[in-house]
Amino acid sequence: MQGNRIKNFADYKKEYQKSIKNPELFWEKKAENFFWRKKWDIVLDWDFVTPDVKWFDGGKLNITENCLDRHLETRGDQVAIKWIANNPDEKARDITYKELHLNVCSFANVLKRNGVKKGDRICIYMPMVPELAIAVLSCARIGAIHSVVFAGFSSKSLSDRINDADCNILITADGGFRGDKVIPLKSISDDAMKNAPSIEKCIVLKRTNTSINMMNGRDVWWHEELENVDSNFDAEIMNSEDPLFILYTSGSTGKPKGIVHTNAGYMIYTEYSFKNVFQYEEGDIYWCTADIGWITGHSYIVYGPLLSGATTMMFEGIPTYPDAGRFWKIIEENKVNIFYTAPTAIRSLEAKGLDFVTPYDLSSLKVLGTVGEPINEDAWHWYNQEIGKGNAPIVDTWWQTETGGIMISNLAGVTPAKPTFATLPLPGIQTCLIDENGQEILKNSVEGKLCVKFPWPSMARTIYGDHNRFRETYFSKFKNKYFTGDGCLIDEDGMYRITGRVDDVLVVSGHNLGTAEIESAIDEHENVCETAIVGYPHTIKGNGVYAFVICHHQADDEESLRKEINELVSKIVGPIAKADKIQFVSGLPKTRSGKIMRRILRKIASGDSENLGDTSTLLDPSVVKEIKCGVQ
Ligand code: 7RM
């Protein structure tokens, strides 16, 4: 529909060159395939110092007219959202484009009835049910700014986020199903609202039938409100650069950052990247297992697929319920063609053994994807062989909440893949590596800090309410460049391999040590599976190096293994980087998207394990208990 996909490596190279030579012309061509109420005055206006970036300024549009209305004639009866319940016995729900359009218009009227106006901030704290997508799109339709908070966060995280954005409406549910648990979302919301006075109305979806309190005048039921509205809603006409949403991302320290994305650029880039990376073809069934509470869900469950007229699946549950075969069962039953998940899910399902995989027919799979963290070689091969049967190219997609869309990735089956490499930047994405002296590195086979030197349409525009922090965090480290915070290696063929966060730096005896560098040195040991390094206060060195190490099999002699590990570190990084303490653990504290929560490890390592802060997003809290007990 919107222009042609890139179909081979030569195409990619041509398209990339075009995008660099004249980025404005390149993106303008893409923009022409969307529905605009008024065309833009100027394609791009930018300054990376302030920083200030505007794409398609002066243009007027509504992103939901592009996600929904323009598909009604051509694919009104096609399934837009295919929803799978947590409980395998509960019926799946298919929602066509026509139905989704009607639901979104109706709920936009509910929002209006409850006082919502263009520009208001609306907090959404919901389980993975279709109404979550409907709530998101209804905000976009009325021109309100959605701020989705992942339904695994605590009441304190929720109230902090509501207060930061000064939201006047909270949309939640009585509860949410997750595996064999019921999460009491309304009662958590009640606690949050005690400390969030800006909330005037709370709209509650009935999902679990959990008994809850409804506060008169403030709380209303979603289904009752719907009875009072009709299903016509003229989309609010937005400027290209009006904010579309805020999404909080926790930095390594300090309070969460409310990353702000705007309408037009985000729309154009999520559609473009979705189609090209996954090589989406008309009729494909596409499934991304992320939660809509993360950027992956925003861009590649909701907006990218719907803009492309795809059928996007939404799964309420978890990979291991009722057993570790759930993903593969869902793929078989729904004949999924494109499957996108996180390396952490792949590793944990690999560990459960093939008995959970072999019963299922996975032959519908054409494309596999990963996102969220580096994928290790072993997991890559398992995914490739056992899930894709060697027939489904894997796209390793590197990007961030701040980038809005996929930045570095192979294009499925079209550009070369290389295990553990995100490979090459997408057209329009001008990445570069920076050395210790802040200079751009102009040759291959080197490692450096990953930056972007030219704007792309879906980049974040600011941190809500704190533009200074936006500038400081991303645009002040290197002049005229967006700094990603990640380290990266470019090999002899120009392929990119993300090595990890570089802001996790330790100063030991006055030397800067990158934790990623030490970790990968330790990982070279044949008995080491995964490592996390943190610093802890050390009277002589300022910081000591504390290593948490997962082994493949228990060491017969832990002391000699510690010695071997430190010999490796000395050899690869240097004696200064040797770990002062090495603790063997069976797991690391991770978020559901697979990111190591170093904050927690730092606390434990420095002997402050009573006060770990918010641990509500931890995938497996028992890991923390074990680590606390074994502290060195
Ligand atoms: C989409 C998302 C961003 C951080 C990023 C990296 C890490 C993400 C990959 C990856 C290696 C990948 N947004 N990361 N994808 N590292 N290979 N394919 O995850 O804002 O939550 O996180 O995640 O460190 O900076 S995020």
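The values are calculated or read from the model by the stated rules, or taken from the named source; none is laboratory data. These figures come from a predicted structure and were not determined experimentally. Here Cβ is always computed from backbone atoms with ideal geometry, including for glycine, and neighbour counts include all displayed protein chains. All accessible areas refer to the heavy atoms of the entire protein, side chains included, with ligands and DNA or RNA removed. Shrake-Rupley method; radii C 1.70, N 1.55, O 1.52, S 1.80 Å.
Some observations on this one:
- Shape class of segment 283-348 from the Cα gyration tensor (axes a ≥ b ≥ c, square roots of the eigenvalues): oblate, since a/c reaches 1.5 or more and a/b does not exceed b/c.
- Whole-Å semi-axes of the ellipsoid equivalent to segment 182-312 (Cα gyration tensor, √5λ, descending): 31, 21, 18
- Flagged links, alpha-carbon separation over 20 Å, of Lys366/Lys418; Lys30/Lys54; Lys13/Lys275; Lys13/Lys418; Lys186/Lys257; Lys541/Lys603: Lys186/Lys257
- Label-point separation, Leu442 to Asp89 (7 Å along Cα→Cβ), nm: 6.8
- Working note: Cα gyration tensor of the chain, eigenvalues times five, square-rooted, sorted largest first, giving semi-axes of 37, 29, 26 Å.
- Rolling a 1.4 Å probe over the protein heavy atoms leaves Tyr266 with an accessible area of roughly 0 Å².
- Using C-alpha pairs below 8 Å separated by at least 6 residues, the relative contact order for segment 269-358 is 33 percent.
- Lacking any other cysteine beta-carbon closer than 4.7 Å, the following Cys residues of the chain have no compatible partner: Cys67, Cys105, Cys139, Cys202, Cys288, Cys432, Cys451, Cys488, Cys529, Cys551, Cys629.
- In segment 225-293, Cα pairs under 8 Å separated by at least six residues give a relative contact order of 22 percent.
- Accessible area per residue in Å² at 1.4 Å probe, computed on the chain: 39
- Under-5 Å amide H pairs with Ser586, H placed in peptide plane, nonlocal only: none
- Within the chain, percent of DSSP bridges classed antiparallel, to nearest 5: 60
- Relative contact order of the chain, pairs being alpha-carbon contacts under 8 Å that are 6 or more residues apart, as %: 11
- Loop-located trypsin sites (Lys or Arg not before Pro) in segment 464-561 (DSSP state other than H, G, I, E, B) with a sparse environment of at most 13 neighbouring Cβ atoms within 10 Å: Lys479.
- Prolate/oblate/rounded call for segment 108-225, Cα gyration tensor, a/c under 1.5 rounded: rounded
- Listed peptides 456-465, 523-532, 283-292, 613-622 by packing density, highest first (mean Cβ within 10 Å): 456-465, 283-292, 523-532, 613-622
- Fraction of the pair-distance distribution of segment 1-122 above 22 Å, Cα-Cα pairs, percent: 60
- Once divided by 2.2 N^0.38 Å, the Cα radius of gyration of segment 530-631 becomes 1.09.
- Surface composition of the chain: carbon plus sulfur atoms contribute 48% of the solvent-accessible area (1.4 Å probe, protein chains only, all chains present).
- Within segment 10-54, backbone nitrogen closer than 17 Å to the virtual label 7 Å beyond the Cα of Asp234 toward Cβ: 36-38
- Size check on segment 345-419: the Cα extents along the three principal axes, sorted descending, read 39, 25, 19 Å.
- Karplus 3J(HN,Hα) series, Hz, for segment 192-208 with 6.51 cos²θ - 1.76 cosθ + 1.60 (x for Gly, Pro): 5, 5, 4, 10, 9, x, 6, 6, 9, 9, 10, 9, 10, 8, 8, 10, 9
- Nitroxide proxy distance, nm - points 7 Å out along Cα→Cβ at Asp378 and Ser364: 3.2
- Each residue of segment 81-86 was assigned a 3J(HN,Hα) from its phi angle through the Karplus curve 6.51 cos²θ - 1.76 cosθ + 1.60 (θ = phi - 60°); the sequence is 10, 10, 10, 10, 6, 4 Hz, with glycine and proline shown as x.
- 10 Å-binned pair-distance histogram of segment 277-422 (Cα, whole percent): 12, 46, 37, 5
- Gyration tensor (alpha-carbon) shape descriptor, segment 440-541, a/c threshold 1.5: oblate
- Rounded FRET efficiency, nearest 0.05, which uses the C-beta distance separating Ser622 from Ser560 and R0 of 30 Å: 0.55
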